[in-house]
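Reviewing the structure listed below.
The values are calculated or read from the model by the stated rules, or taken from the named source; none is laboratory data. It should be emphasised that the depicted structure is a prediction, and the values quoted were computed from it without experimental measurement. Heads up, the Cβs are rebuilt from the backbone with ideal geometry, glycines too, and the neighbour counts pull from every protein chain shown.
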Amino acid sequence: MASYTHLSLAEREELSRLVAAGAGVRACARSLSRSPSTISRELRRDHLTRAAYRATAAHPHAQAQARARHPHRKLDRYPTLQAVVCGQLAQGWSPEQIARRLRLRYPTDMTMRLSHETIYTYLYVLPRGALKRELLSYLRQRRPSRRRRGHRTPRHERIPSMLSIEERPAAVADRTVPGHWEGDLLVGRRNASALGTLVERTTRATLLVPLQAKDARSVRLAFARELRTLPQQLRVSLTYDQGTEMAEHRLFTKMTRMRVYFAHPHSPWERGTNENTNGLLRQFFPKGTDFTRITPQQIKHVQWLLNGRPRKVLQWRTPAEVFPVLLH
């Protein structure tokens with residue numbers, strides 16, 4: 001079913017002519033290829049009689065009602081804010097990065113402040129056309145519509161004795177203490193293979209973990225083997241999503257002495273460093289990659305390249321430069 005779009009001015013003008021000629025609701029609907037209920041609602045909107053309907057009055061009134069129903073469209077009201085947001089989307093910034101940066105750049109100008117949800121909402125309610133396609137193409141996921149945040153069946157029972165991210169010490173969130181990691185799987189072609197990814201929250205140092213399989217035992221052993229090469233002070237905790245590959249987290253903790261904290265379901269922003277890293281890795285391993293055909297040497301080469309990139313958050317130093325300092 002095609003998505004509903006509001007009547008255009010040209011359609012309202014045609015409707016006005018049809019009404020003046022005495023056409024009924026269904027005849028008007030057929031002529032405009034619209035639902036009869038759409039035409040009926042249009043003719044009822046603040047018009048005492050059908051004969052009083054005029055496009056020149058109906059169209060601006062409908063637009064005013066739409067603006068009243070959507071007062072959150074701040075980007076329509078402030079062209080300067082709209083220009084800044086669209087420009088930074090074009091540079092590859094995420095809506096959250098834009099919203100956070102605006103707070104720093106305009107600390108006292110409330111006309112230049114908005115949330116990342118407002119940006120997403122603006123993008124997805126834009127009328128279909130070239131502008132909408134262009135702006136949505138800047139988003140990393142590039143979905144034509146936003147996914148509904150439905151209530152999926154919780155997986156708590158599949159991962160016993162989970163420690164919630166809410167129990168994680170405040171120092172982890174502040175990134176003031178090194179040794180706290182985020183983990184995930186980069187899934188390959190047809191969900192049949194995967195690559196383990198581990199990112200240290202303070203330095204953004206990344207470990208890429210070749211996997212023989214993505215079941216809980218294989219992931220536990222591979223992650224533990226990789227992390228046990230580090231001194232204990234640099235392996236304190238791991239934050240993970242609620243994927244069942246981490247179902248053996250208690251055994252993992254015994255092997256590494258690292259506590260595992262689980263993010264809330266469908267909350268990737270709670271592991272934003274790892275999510276961002278996985279996005280960067282798609283440059284090297286596009287969707288559809290068969291990780292069984294990628295050698296460990298190739299994987300470690302990509303790890304070396306990623307850790308050698310300068311990062312703004314590190315004052316343009318690289319993770320490879322910052323991380324070894326913590327070893328001493």
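Being of a type in the set (A, V, I, L, M, F, W, C) and surrounded by fewer than 22 Cβ atoms within 10 Å (Cβ to Cβ): is that true of Leu211 here? No: the conditions fail for Leu211.
Only residues that are more than 14 Å from Val199 (Cβ to Cβ), hydrophobic (A, V, I, L, M, F, W, C) and in a helix (DSSP H, G or I): list them for region 299-328, please. Ile299, Trp304, Leu305, Val325, Leu326, Leu327 - these are the residues of region 299-328 that are more than 14 Å from Val199 (Cβ to Cβ), hydrophobic (A, V, I, L, M, F, W, C) and in a helix (DSSP H, G or I). On the stretch given as region 214-240, residues that are more than 25 Å from the chain's Cα centre (by Cα) and either buried (at least 21 other Cβ atoms within 10 Å of the Cβ) or basic (Lys, Arg) (or both) total 8.
When you scan region 287-298, how many residues do you find that are in contact (Cβ under 8 Å) with a residue 40 or more places away in the chain, surrounded by fewer than 19 Cβ atoms within 10 Å (Cβ to Cβ) and in a helix (DSSP H, G or I)? Result for region 287-298: 2. Considering region 242-260, the residues that are part of a helix (DSSP H, G or I) and free of Cβ contacts under 8 Å to residues at least 40 places away in the same chain include one that is surrounded by the fewest Cβ atoms within 10 Å (Cβ to Cβ), namely Lys254. Contact annotation: residue pairs with Cβ atoms under 7 Å, 6 or more positions apart or on different chains, pairing a residue in region 264-286 that is within 17 Å of Pro319 (Cβ to Cβ) with a partner that is of a type in the set (Lys, Arg), are Thr273/Arg201; Thr273/Arg204; Gly279/Arg140. Determine if region 64-79 includes at least one residue that is modelled with pLDDT of 85 or more and either assigned by TED's automatic domain parsing to the domain that holds Trp269 or closer than 29 Å to Gly272 by Cβ (or both). Within region 64-79, one or more residues are modelled with pLDDT of 85 or more and either assigned by TED's automatic domain parsing to the domain that holds Trp269 or closer than 29 Å to Gly272 by Cβ (or both). The number of residues in region 159-193 that are under 15 Å from Ile299 (Cβ atoms), at pLDDT 95 or above and more than 20 Å from the chain's Cα centre (by Cα) comes to 0. If you go through region 21-41 and pick out every residue that is part of a helix (DSSP H, G or I) and modelled with pLDDT under 85, you end up with 1.
Yes/no matrix, rows are residues, columns are (1) in a helix (DSSP H, G or I); (2) within 30 Å of Met246 (Cβ to Cβ); (3) modelled with pLDDT of 70 or more; (4) in contact with a Ser or Thr (Cβ under 9 Å, 6 or more places away or on another chain):
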residue	(1), (2), (3), (4)
Val85	yes, no, yes, no
Ile98	yes, no, yes, no
Leu114	no, no, yes, no
Glu117	yes, yes, yes, no
Leu123	yes, no, yes, no
Leu131	yes, no, no, no
Leu135	yes, no, no, no
Glu157	yes, yes, no, no
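Residues to consider are Thr203, Thr229, Thr197, Thr239; find the one that is in the same structural domain as Thr277 (by TED's automatic domain parsing), in a loop (DSSP other than H, G, I, E, B) and either acidic (Asp, Glu) or in contact (Cβ under 8 Å) with a residue 24 or more places away in the chain (or both). Step by step, each of Thr203, Thr229, Thr197, Thr239 is checked, and only Thr203 is in the same structural domain as Thr277 (by TED's automatic domain parsing), in a loop (DSSP other than H, G, I, E, B) and either acidic (Asp, Glu) or in contact (Cβ under 8 Å) with a residue 24 or more places away in the chain (or both).
Contact map, region 1-30: residues that are within 18 Å of Arg45 (Cβ to Cβ) paired with residues that are basic (Lys, Arg) and modelled with pLDDT under 80, Cβ distance under 6 Å, separation 6+ or inter-chain. Pairs shown: Ser16/Arg54; Val19/Arg50.
Taking each residue of region 103-115 that is over 14 Å from Leu75 (Cα atoms) and looking for partners that are assigned to a loop (DSSP other than H, G, I, E, B) and at pLDDT below 90 with beta-carbon atoms closer than 8 Å, six or more apart or interchain, yields Arg103/Arg113; Tyr106/Arg113.
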